[in-house]
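Have a look at the structure below before the remarks.
Each value in this text was obtained by applying a stated rule to the coordinates, not by laboratory testing. Computed from a predicted model, the values in this text were never measured in an experiment. So basically every Cβ, Gly included, is an ideal-geometry build from the backbone, and we count neighbours across all protein chains shown.
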Amino acid sequence: MRRPMDIFESLESEVRSYCRGWPAVFQKATGSHVYDEDGRAFLDFFAGAGTLNYGHNNPQLKEKLLTYLADDNIVHSLDMYTVAKRNFLKTFQEVILEPRGLDYKVQFPGPAGTNAVEAALKLARKYTGRETVVSFTNAFHGMSLGALAVTGNSMKRNGAGIPLGHSMPMPFDNYLDGQTPDFLLFERLLDDSGSGLDEPAAVIVETVQGEGGLNVAAPEWLRGLADLCKRHGILLIVDDVQMGCGRTGPFFSFEEAGIVPDIVCLSKSLSGYGLPFALTLLKPELDVWEPGEHNGTFRGPNPAFVTATAALDFWTGEGMEKQTIAKGEQIEAALDRIAAGHSGPVTGVRGRGLAQGISFAEPETASAVCAAAFERGLLMETSGPESEVVKLLPPLTTTTDELAEGLDIIADSVDAVLV
Ligand code: PLP
């Protein structure tokens, strides 16, 4: 008898990954729930790895998208001027940039996060005429070669098959357990002409390392980094692909630190609907591109412009930010209780806003907890260098009742695994 998974397992490459932890064939999704083809509901604390901040098939966004398609509006347009793109740019300027006093030009790279990162790296190198980009331990910036060169994970790096160069890793905040003053090594290498560190073009950083295990950079650390970059003429790139669009509270995750990066990468939840869409924001003086110098076929995703514009409605007041911070506190309190009940196997509660998790001494515990949660109807993934962190990324629109339900499932799952 053919099993429902057969075609995936026989035809799809071995590279497939998320599906291995969730043996179900998914069919439908609304809000914070996805449903498999038998109609079984799962509460989604994965949200497309941070792509569905406004939930699945958000009705406000869906209505705009369906109307746009039904009226034969343009879908594909490379970087031609379109009405949908004009509406997006105007709304992005009015709702996001101007109220924050941010002066950025907008570059449309290819549609994925890694495309936004490649554009940022290339531009920083072109503008400064330097090659080296400094990244941080446990960083994740994407799977194309430039982005992989500034990514920490050795398994992912090995997949490149060639040396990954022109980059230099430095310790992320608290990597050395508070034993060493921040940036001691970095400053020393920069100040010593014999250190072997070429003058960097840029530093690329995540304010919270999503894939790297929910490591949080303190606001003071980010301010110190911004100051170091300024003093040394190094461009500061914030990769807000996963933590931007409100995941930690404010629209940009760096707002709390009060820094203004030179370049910002956005993607994932930008379209709000799960449609591929990315942006690279750059300070106007950095805009030294020649026309077409960084190109790509999929840089005019008009359906994504439409849903992204509709999603910005969530950001016209402070409600979204406040609710996310409050929901983050709800999660933190529940995870703290779980940690207190299992000190030893649980090594900590990590993260910020609606990107939080629990780290375990044994990586196998984290994957077993995710498997137990799946059995109980909850989707979550692991992160961290050894996949030792259970990571919660619910949609920002998840209700407090749904959060409580999911957090109860996590508590039950941890109890069941650590009997
Ligand atoms: N940057 C960060 C911080 C990410 O978390 C990711 C993906 O998880 C990427 C870049 C790459 O994005 P994509 O998978 O869309 O290429």
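For the reader, a short list of remarks on this structure follows.
- Amide H to amide H distances under 5 Å link S167 with V133, where only residues 5 or more positions off or on other chains count and H is placed in the peptide plane.
- Efficiency of FRET between M5 and S77 - r from beta-carbon atoms, R0 51 angstrom, step 0.05: 0.85
- Local charge for P276 was computed over the other residues whose Cβ lies under 14 Å away, with Lys and Arg +1 and Asp and Glu -1, and equals +2.
- Legend: ranking of residues F26, F314, F8, F183 from fewest to most surrounding C-beta atoms inside 10 Å; resulting order F8, F26, F183, F314.
- Within the listed set S193, S267, S253, the Gaussian network model of the chain (springs between alpha-carbon atoms below 10 Å) gives the highest mean-square fluctuation for S193.
- Rel. contact order, % - alpha carbon contacts under 8 angstrom, at least six apart, the range 1-137: 10 percent
- Karplus-derived HN-Hα couplings along the range 26-40 (A = 6.51, B = -1.76, C = 1.60, θ = phi - 60°), whole Hz, x at Gly and Pro: 7, 10, 10, 7, 9, x, 9, 10, 10, 10, 7, 5, 8, x, 6
- The length gained by stretching the chain between E37 and I325 to full extension, at 0.36 nm per residue less their Cα-Cα distance, is 100.2 nm.
- Our coupling estimate for the range 246-257, obtained by passing each phi through the Karplus curve with A = 6.51, B = -1.76, C = 1.60 and θ = phi - 60°, is x, 4, 9, x, x, 4, 9, 6, 8, 4, 4, 7 Hz, Gly and Pro reported as x.
- Most fluctuating residue given options G55, G319, G110, as computed from a GNM of the chain linking Cα atoms under 10 Å: G319
- Basic side chains Lys and Arg get +1 at the Cβ, acidic Asp and Glu get -1 at the Cβ, and with that the dipole of the chain about its Cα centre reaches some 800 debye.
- A DSSP coil position with no more than 14 other Cβ atoms inside 10 Å describes the following GluC sites (Glu not before Pro) in the range 368-419: E386.
- In summary, the lysines within cross-link reach of K90, defined as a Cα separation below 29 angstrom excluding same-chain residues under 8 places away, comprise K62, K64, K105, K122, K126, K268, K283, K322.
- For the range 73-315: relative contact order, % (alpha-carbon pairs under 8 angstrom, 6 or more apart): 30 percent
- Positive contributions from Lys and Arg (+1) and negative ones from Asp and Glu (-1), summed over other residues with Cβ under 12 Å from the Cβ of R231, come out at -2.
- A crude spin-label estimate for the pair E98 and T316, with each label 7 Å from Cα along the Cβ direction, gives 1.4 nm.
- Across the chain, C-alpha contacts under 8 Å between residues 6 or more apart give a mean separation that, scaled by the residue count, equals a relative contact order of 23 percent.
- Efficiency of FRET between A70 and N174 - r from beta-carbon atoms, R0 41 angstrom, step 0.05: 0.20
- Inter-centroid distance (Cα atoms) of the range 51-121 relative to the range 308-370, Å: 27 Å
- With contributions of -39500 (n - 2.57) from each DSSP H run of at least four residues, the per-residue ellipticity at 222 nm computed over the chain stands at -10500 deg cm²/dmol.
- Gain upon complete extension [T137, E14; 0.36 nm per residue less C-alpha separation]: 41.5 nm
- The three principal axes of the Cα atoms in the range 73-315 give end-to-end lengths of 58, 36, 35 Å, sorted in falling order.
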